[in-house]
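Reviewing the structure listed below.
Every number in this text was worked out from the coordinates using simple rules, so none of it is lab data. Every value quoted in this text rests on a predicted model; they were computed, and no experiment measured them. All Cβ positions, glycine included, derive from the backbone under ideal geometry; neighbour counts span all protein chains shown.
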């Protein structure tokens, strides 16, 4: 069996969280290496593109969060084997990453600049993506985003939806999801009750 080491910040959520969840749910052994945000300037020097997460597979260091999540999803049995269902899963993963990128572009801003940037997202981009995601959920059966079962697409959606509704993002209303795509709110709550996911967060977000 390959030796896996996932490297990311020591906080819940973020781009490594779907991979952490997938390996926890699938019982895949891995080293969950977490570092303080203050150590990022040093950690990034050891990564291929000066960014995290990274996944060591034995001695090979892999970058790009969606690639990592897809790989561990396959190991965990949480990635569709059917090519079309895999396409649907990947489509959702890509759209969710768009949300990460759009929100990420607002970090580092302060004061009125931050408020203006976040207000623009709340007015246009976030509702558009959330309504699209709700449509995908509806059109794929209403419970999961692809393959009629839990996949990494659901895990990534869960992490991002929790983040958007956490109250930790200034100028992002905590009721945004409930307001523009209420079925996603119910979907997020249902995912949170899946025993393996509930156990993960009961343990403080660790395996």
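For this structure, a couple of remarks:
- Fully extended contour minus Cα-Cα distance, from residue 87 to residue 203, at 0.36 nm per residue: 38.5 nm
- Protection proxy ranking of 40-46, 54-60 - average other beta-carbon atoms within 10 Å, highest first: 54-60, 40-46
- Gain upon complete extension [residue 124, residue 95; 0.36 nm per residue less C-alpha separation]: 9.0 nm
- Between residue 33 and residue 189, the C-beta separation translates, for a Förster distance of 30 Å, into a calculated FRET efficiency of about 0.45.
- Bins of 5 Å, starting at 0 and running to the largest distance - Cα pair percent for the range 93-197: 2, 12, 24, 25, 18, 10, 6, 2, 0
- A viscosity of 1.567 mPa s and a temperature of 4 °C, combined with the Kirkwood radius over C-alpha pairs in the Stokes-Einstein formula, give the range 4-78 a diffusion coefficient of 106 µm²/s.
- At R0 = 25 Å, FRET efficiency that the Cβ-Cβ distance of residue 41 and residue 64 yields, to 0.05: 0.75
- If R0 is 35 Å, the Cβ-Cβ spacing of residue 105 and residue 57 corresponds to a FRET efficiency of close to 0.70.
- Length added when fully stretched, residue 49-residue 166, from 0.36 nm per residue minus Cα-Cα: 39.2 nm
- Rg/Rh, computed from the Cα trace of the chain with Rh as the Kirkwood radius, has the value 0.95.
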